[in-house]
Amino acid sequence: MLSYAYEPELTADAGGFRKLWELAAALGRRGDAVEVLYPRLPRHRPLREVPSRGYRVVDRALARPLTAYAGMLAAALATRPRPDVVYFRAGTNVLPLLLRRALGSRVVLEVNADPLEFLAVEGAGAARRRLARASLGLSARAADLVVALTPGLARRLIEDFRVPRDRVVVIPSATDPAHFAPIEAGVSRRRLGIEPERPVVGFVGLFYRHQGVPTLLHALAKLRPGMPRLLALIVGDGAMRRAWQDTARALHLDDGVRFTGQVPYADAPDYFNAMDVVAAPFTAHRGETSPFKVLDALACARPVVASDLPSVRPLAESGAVVLVPPDDPGALADALAALLADPVHRVAMGWKGRGFVEQHASWDRTAARLAEALAR
């Protein structure tokens, strides 16, 4: 399993970066021999107790991705015995094509987002978007199996990138119900220095534009006159932090919003459990990507108010997700207020979400689905 992720403001402990390690651990529990190759970069380290090996990366801006892909390729080629399967998350490279030819191993490519939509929202130039499209098409068509995390991504790969339908499988993202376990809100709030009786909502995730946090901030401004003690936890870090903090100041939210920065993975459950309601206010242009942080919230038995997008709608079947129009602070404010005003309904929703995760969205279940797909 080949791992590469880099964000200058974040450590590799960020939830999204852990997904490959969690899947590796679940496959190991099934009895597979798994090894993770990861970059030898500052703040990167093994994230689960699975066999792993670091590969060399030159930690300079332009050299970093190029040397990372070269290091992954060299480390994979040196693996003995030859791996039966190489698993890799899609990026701007053609490693699956090279590895399939060089190793003769089966290559599995995970596509967890539409890179073209993501790059467009983040303001990337046309040349970078063309490169991303070309590399994804080559890699996906060269792979023996393409794992799409949403049905929409699967359709895009088949229709737009001409990947054979029988090589594409939908395997949704997952969470760890043992780690993200429910805790009484007052207990978590005391640990975080929050008054136990204070109402709390929040967001958890990487700070990209498509997360829609300004919509949440404007919703909080609407709620504040009627709920002066309401606190919002904005948990995470990334490129948009300064802009979002400026927005909070402009809205005079003052002590009503707390930007926590990135928190250790071990502490993430406390932040979810401190919240009465979790917000996932994705923008309308977010595109097809797996909303796995919603699963973390559901595992903690917390209801979620999320934007009504195709990639999110299946989670509403859990009975624990309220859908609202994207980019609509008024609708988001109304949905948050309704749940905050009805604790009995809120708690019942949360436990429905926990049951949904235990039945459908654990890493062990994801590993089983992958094994089934590889056995076809």
**Asked** When you go through VAL107, VAL170, VAL111, VAL85 one by one, which is the residue that is under 19 Å from ARG376 (Cα atoms) and open to solvent by less than 30 Å² (accessible area, probe 1.4 Å)?
**Response** VAL107
**Fill in**
Here the qualifying pairs (Cβ atoms under 8 Å; residues six or more apart or on different chains; first in segment 48-65 and assigned to a loop (DSSP other than H, G, I, E, B); second small (Gly, Ala, Ser) and open to solvent by 30 Å² or more (accessible area, probe 1.4 Å)) come out as VAL50/GLY28; PRO51/ALA33
**Asked** Among (1) in contact with a strand residue (DSSP E or B) (Cβ under 8 Å, 6 or more places away or on another chain); (2) under 24 Å from ALA248 (Cα atoms), which single condition is GLU288 missing?
**Response** (2)
**Asked** Of everything in segment 207-259 that's under 20 Å from the mean Cα position of the chain (by Cα) and open to solvent by 40 Å² or more (accessible area, probe 1.4 Å), which residue is modelled with the highest pLDDT?
**Response** PRO214
**Asked** Which one is nearest to LEU192 (Cα to Cα) among residues in segment 267-307 that are acidic (Asp, Glu), touching a Pro at 6+ places or on another chain (Cβ under 9 Å) and at pLDDT 95 or above?
**Response** ASP276
**Item:** In segment 276-309, the residues that are buried (at least 22 other Cβ atoms within 10 Å of the Cβ) and of a type in the set (Gly, Ala, Ser)
**Value:** ALA279, ALA280, GLY287, SER290, ALA297, ALA299, ALA301, ALA306, SER307
**Message:** Just to check your reading of the model, which residue among LEU220, LEU233 is in contact with a helix residue (DSSP H, G or I) (Cβ under 8 Å, 6 or more places away or on another chain), within 25 Å of ASP334 (Cβ to Cβ) and without any contact (Cβ under 8 Å) to a residue 60 or more places away in the chain?
**Reply:** LEU233
**Prompt:** What pairs can you find where one residue is in segment 68-82 and more than 13 Å from ARG53 (Cβ to Cβ), the other is assigned to a loop (DSSP other than H, G, I, E, B) and aromatic (Phe, Trp, Tyr), and their Cβ atoms are less than 9 Å apart, with a gap of 6+ or different chains?
**Reply:** ALA68/TYR4; ALA68/TYR6; TYR69/TYR4
**Prompt:** Within segment 84-117, which residues are among the charged types (D, E, K, R), in a strand (DSSP E or B) and within 19 Å of LEU149 (Cβ to Cβ)?
**Reply:** ARG89, GLU110
**Asked** Can you tell me which residues in segment 210-228 are among the charged types (D, E, K, R) and not in a helix (DSSP H, G or I)?
**Response** ARG224
**Complete:** Within segment 175-191, of all residues that are among the small types (Gly, Ala, Ser) and free of Cβ contacts under 8 Å to residues at least 24 places away in the same chain, the one least open to solvent (accessible area, probe 1.4 Å) is GLY186
**Prompt:** Is it true that some residue in segment 25-43 is of a type outside the set (A, V, I, L, M), free of Cβ contacts under 8 Å to residues at least 24 places away in the same chain, part of a strand (DSSP E or B) and surrounded by 20 or more Cβ atoms within 10 Å (Cβ to Cβ)?
**Reply:** no
**Matching entry among ALA368, ALA338, ALA331 (being under 30 Å from GLY31 (Cα atoms) and assigned to a helix (DSSP H, G or I))** = ALA368
**Fill in**
Residue pairs within 7 Å by beta carbon, gap of at least six or interchain, first lying in segment 312-341 and under 22 Å from HIS210 (Cα atoms), second among the acidic types (Asp, Glu) and crowded, with 17+ Cβ neighbours inside 10 Å, listed first then second, are LEU323/ASP308; VAL324/ASP308; PRO325/ASP308; PRO326/ASP308
**Request:** Please tell me if ALA266 is open to solvent by 30 Å² or more (accessible area, probe 1.4 Å), closer than 25 Å to ALA301 by Cβ, aliphatic (A, V, I, L, M) and part of a helix (DSSP H, G or I).
**Result:** yes
**Message:** open to solvent by less than 10 Å² (accessible area, probe 1.4 Å) and under 23 Å from the mean Cα position of the chain (by Cα): is that true of VAL312 in this structure?
**Reply:** yes
**Message:** Given the options ALA132, ALA120, name the one that is open to solvent by less than 10 Å² (accessible area, probe 1.4 Å), of a type outside the set (Phe, Trp, Tyr), closer than 24 Å to PHE282 by Cβ and assigned to a helix (DSSP H, G or I).
**Reply:** ALA132
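The values are calculated or read from the model by the stated rules, or taken from the named source; none is laboratory data. Computed from a predicted structure; not experimentally measured. No Cβ is skipped: glycine too gets one built from the backbone with ideal geometry, and neighbour counts run over all protein chains shown. Each accessible area value is taken on the protein alone, full model and side chains, heavy atoms only, with ligands, DNA and RNA left out. Shrake-Rupley method; radii C 1.70, N 1.55, O 1.52, S 1.80 Å.
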